[in-house]
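The values are calculated or read from the model by the stated rules, or taken from the named source; none is laboratory data. Not measured: the values here are computed from a predicted model. Quick reminder, even Gly has a Cβ in these numbers, built from the backbone with ideal geometry, and neighbours come from all protein chains shown. Areas reflect the complete protein model, heavy atoms only, side chains present, ligands, DNA and RNA absent. Shrake-Rupley method; radii C 1.70, N 1.55, O 1.52, S 1.80 Å.
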Amino acid sequence: AIRRGAYDYIVKAGDYLFAIPLTVQKNLAIWRTKHENQHLAAQLTRTLQQVRIKNRQLEKAVSELERTAATDPLTCLANRRAIADAILRMFADFRRHDRDLACIMIDLDGFKQLNDTLGHQRGDDLLQCTAGVLERYCRQSDMAGRFGGDEFIVLLPKLPSDSDAAAVADKLLALFRRPFVCAGHEFFVSASIGISLFPRDAEDVDSLIKH
């Protein structure tokens, strides 16, 4: 009965010399199985903990890669790809809720001449200073990015009226009328600024940028 899987055995008179070794053997087998199960459970717990740690590390690495892929390495602003994705999202949201979206393009004047005269390092300093100005000036809901070269873009959602976009552009122009101080050097730089609004000036992303 024990060999076939019984958990206990009632010893009859005269049979105990035969039954006791089987009972001991069976209990030892049960103990070994229990011990192995505990060991496997502990091993599984450690493995699951390691998997959770690896998953957190993987999520962090993926998040960092996504952030890097969406960031301009020089200015640390959003890059052109991130700007395009943001405009698409904003378009979908604003079209659904019938809201306006202002797009401001900023082009530094005479940037090539500055590079040729003072060198590319000074040009990079100026781009970084411009990015810093935009970051400090933008609202939390706004998005500033480097569109390419010396061109920057600012997306302004939820503006009350068209005139507010022009007011923002005027304030940005005023910031360029004072000297930039970068790496101990003073730069006097002007900028050209264009404004387009959805839905007044554009019905899609491409026309918004072109306008």
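For segment 132-181, the alpha carbon convex hull comes to 83 Å³ per residue, rounded to a whole number.
Here residue 46 and residue 66 are evaluated by their C-beta separation; at R0 = 35 Å the FRET efficiency comes out at 0.70. Residues whose amide H lies under 5 Å from that of residue 101, counting only those 5 or more places away or on a different chain, are 198; hydrogens are built 1.01 Å from N in the peptide plane. Shape class for segment 35-121: oblate, because the ratio a/c of the largest to smallest gyration tensor axis (alpha-carbon atoms, square roots of eigenvalues) is 1.5 or more and b/c is at least a/b.
Does segment 103-211 classify as rounded, prolate or oblate by the C-alpha gyration tensor (a ≥ b ≥ c root eigenvalues; a/c under 1.5 gives rounded; else a/b over b/c gives prolate, otherwise oblate)? Here segment 103-211 falls in the prolate category. Bridging of residue 26 to lysines at a Cα separation below 27 Å is possible for 12, 34, once same-chain residues fewer than 8 apart are set aside. Computed over Cα pairs, the Kirkwood radius of the chain leads via Stokes-Einstein (0.890 mPa s, 25 °C) to a diffusion coefficient of 108 µm² per second.
Scanning the chain for chymotrypsin sites (Phe, Trp or Tyr not before Pro) in DSSP loops with at most 13 neighbouring Cβ atoms within 10 Å leaves 8-187 as the longest stretch between them. On the chain, 54 percent of the accessible area sits on carbon and sulfur atoms, based on a 1.4 Å probe. Averaged over its residues, the chain has an accessible area of 66 Å² per residue, based on protein heavy atoms and a 1.4 Å probe. A DSSP coil position with no more than 16 other Cβ atoms inside 10 Å describes the following trypsin sites (Lys or Arg not before Pro) in segment 123-211: 139, 158, 177, 200. The phi torsions of segment 100-112, fed into the Karplus equation with coefficients 6.51, -1.76 and 1.60 and a -60° offset, translate into couplings of 8, 9, 9, 10, 10, 9, 10, 10, 6, 7, x, 5, 4 Hz, rounded to whole numbers, with Gly and Pro shown as x.
The stretch between residue 206 and residue 34 holds 55.1 nm of extra length on full extension. This uses 0.36 nm per residue minus the Cα-Cα distance. Cross-link check: pairs 60/112; 171/210; 112/171 evaluated at a Cα-Cα cut-off of 29 Å; pairs beyond the cut-off: 60/112. Over all other residues within a Cβ to Cβ distance under 12 Å of residue 151, the charged ones net out to -2, with Lys and Arg as +1 and Asp and Glu as -1.
Taking amide H as placed 1.01 Å from N in the peptide plane, the amide H of residue 191 sits under 5 Å from that of 109, each at least 5 places away or on another chain.
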